[in-house]
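All remarks here apply to the structure that follows.
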C-alpha cells in the first residue's frame, strides 16, 4: 500500500483530497467534526516534514453552483483552531485565486479550496477539471475514504496526473486495513449486526458475510420485512413488500451455511412517528393495526447483547431503531454498550460508518470501540467486494 509514510514532504506541496463533508447548524457551526479530526494526522505529518498542504473537499450537494450554505469557508475557524495555525482560503478551487494562493504557499502553511462540487465537472469525473486541480500541487494524497466509491474528478481521475507521486493518507490506509481485517482475518466467533431501514441496501453485504460470520443479527426497520415475510402482522411499520422473498431466502441461506440468524423477538411500538407518541411493546409479528415498530424490545436487547458479548470480532452497520428520538434509542444504545464491553474484553469491533457512527458518537463511545469508519457507502461497497475507484487510482 502506497502511504504518505513512504515520502518526506519537505519542500513539496501536497494536494490532499479530504472528506470535510460535515454537518452544519443554521448558524454554520459544525455539529460533528469527526471527519475533520480524522484527517489531522495526515495533515500534520506533511506539515512536520516541512511540506505545505492544499486541502480539497466537497460539502453537501449543491445543485446550482456556489451556494453560501455549502461554502467550505465555514470550516476555516474550527480547522484553524484544531491545527493551531491560520488556514488560508481560496474562494474557488481552480480559479485565479486558487492558483495564486497555491503558488505562494510556503512550507508549513495550509490552504483550503472552496467546495469542489460548485463545479458539475467534479461529479462527472471531468478530466480537464481534474487537470486544473492537479496543477496546484506536487504530490497527490487521497485521504477521503467516504468518497472513494465515487469516480469523481478529485478522487479517481486526478491521480493520473501524478503517476509517481500519489499516496494514501492515514485515514484511507486505516480504513482499508480494518476492512481487510474483518474480511480476511476475523477472530471467531464473528458477529455482524445489520440495522437500518432497508434490506435492499444491505443485501450484497449480507450475502458476502454469510460465508464469513458465525452470527448475523438483524434489527432496525429492515427487520419488519422479515417479520412480514414470516406471515406476521407489522401494523404501519416500515416494510419492503417487494423484498419478502429475499428475506426468506436470507433466512434459508443462513440456515444452510450454519450461521446463527438472530431476528427481534419483541419491539417497542408507537402510534405515531414521533417522540411524543404513545408507546407499548409487542411480540415480533404481532404489531396491531395503526402501530409501528420503532425500536427492538427488552427481550431482544437481552438476546442480542449476549451474542455480542461473546464475540471476538464485531461488524456493526445500521441502528436498531430510531435512535435520534429519545424514546426509541434504548435498543441502539444497548447494542453500543455491548459492543464496547466486548471490545474491552479483547474483541475487535468495526463500526460501519453512517448512522452507526453517528449513534456511537451520540453516546460518546467513539473511543471505546476498535475503529469507526468515516465512510458508510464506501465501506459497504468495499466489503461487498467492489473495486473502489479512489483506491484503484492510487494502486495503479
**Asked** Does residue 234 fit the bill of being in the same structural domain as residue 328 (by TED's automatic domain parsing) and crowded, with 24+ Cβ neighbours inside 10 Å?
**Response** yes
**Message:** Could you check region 342-352 and list, in sequence order, the residues that are crowded, with 24+ Cβ neighbours inside 10 Å and assigned to a loop (DSSP other than H, G, I, E, B)?
**Reply:** 352
**Message:** For the list (1) more than 25 Å from residue 390 (Cα to Cα); (2) under 27 Å from the mean Cα position of the chain (by Cα); (3) not in a loop (DSSP other than H, G, I, E, B), I need the number of the one condition that residue 88 fails.
**Reply:** (2)
**Asked** Among the residues of region 324-333, which ones are touching a strand residue (DSSP E or B) at 6+ places or on another chain (Cβ under 8 Å) and either more than 21 Å from residue 292 (Cα to Cα) or without any contact (Cβ under 8 Å) to a residue 40 or more places away in the chain (or both)?
**Response** 329
**Fill in**
Turns out the strands (runs of 3 or more DSSP E) fully within region 265-341 with at least 3 residues that are surrounded by fewer than 18 Cβ atoms within 10 Å (Cβ to Cβ) are 279-283
**Request:** Considering only residues that are in contact (Cβ under 8 Å) with a residue 12 or more places away in the chain and either in a loop (DSSP other than H, G, I, E, B) or out of contact with any helix residue (DSSP H, G or I) (no Cβ under 8 Å at 6 or more places or on another chain) (or both), look in region 254-264 and name the one that is surrounded by the fewest Cβ atoms within 10 Å (Cβ to Cβ).
**Result:** 257
**Asked** What about residue 52, is it touching a strand residue (DSSP E or B) at 6+ places or on another chain (Cβ under 6 Å), without any contact (Cβ under 8 Å) to a residue 12 or more places away in the chain and within 30 Å of residue 8 (Cβ to Cβ)?
**Response** no
**Message:** With out of contact with any strand residue (DSSP E or B) (no Cβ under 9 Å at 6 or more places or on another chain) and over 20 Å from residue 34 (Cβ atoms) as the only criterion, which of 157, 94 stands out?
**Reply:** 157
**Complete:** Only one of 302, 257, 243 is more than 30 Å from residue 204 (Cβ to Cβ) and out of contact with any strand residue (DSSP E or B) (no Cβ under 9 Å at 6 or more places or on another chain), namely 302
**Request:** Search region 355-396 for residues being part of a helix (DSSP H, G or I) and without any contact (Cβ under 8 Å) to a residue 40 or more places away in the chain, and hand back the single one that is surrounded by the fewest Cβ atoms within 10 Å (Cβ to Cβ).
**Result:** 367
**Asked** Would a scan of region 245-253 turn up a residue that is crowded, with 16+ Cβ neighbours inside 10 Å, assigned by TED's automatic domain parsing to the domain that holds residue 310 and more than 21 Å from residue 314 (Cα to Cα)?
**Response** yes
**Message:** With the requirement that a residue be over 22 Å from residue 145 (Cβ atoms) and either touching a residue at least 24 places away in the same chain (Cβ under 8 Å) or not in a loop (DSSP other than H, G, I, E, B) (or both), what does region 17-28 give you?
**Reply:** 28
**Filter result (touching a helix residue (DSSP H, G or I) at 6+ places or on another chain (Cβ under 8 Å) and either loosely packed, with under 14 Cβ neighbours inside 10 Å or in a loop (DSSP other than H, G, I, E, B) (or both)) within region 38-60** = 57, 58, 59, 60
**Subset of region 69-85 (residues that are part of a loop (DSSP other than H, G, I, E, B) and under 25 Å from the mean Cα position of the chain (by Cα))** = 71
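The values are calculated or read from the model by the stated rules, or taken from the named source; none is laboratory data. All figures in this text were calculated on a predicted structure; none of them were measured in a lab. FYI the Cβ positions are ideal-geometry reconstructions off the backbone, even for glycines, and counts take in every protein chain you see.
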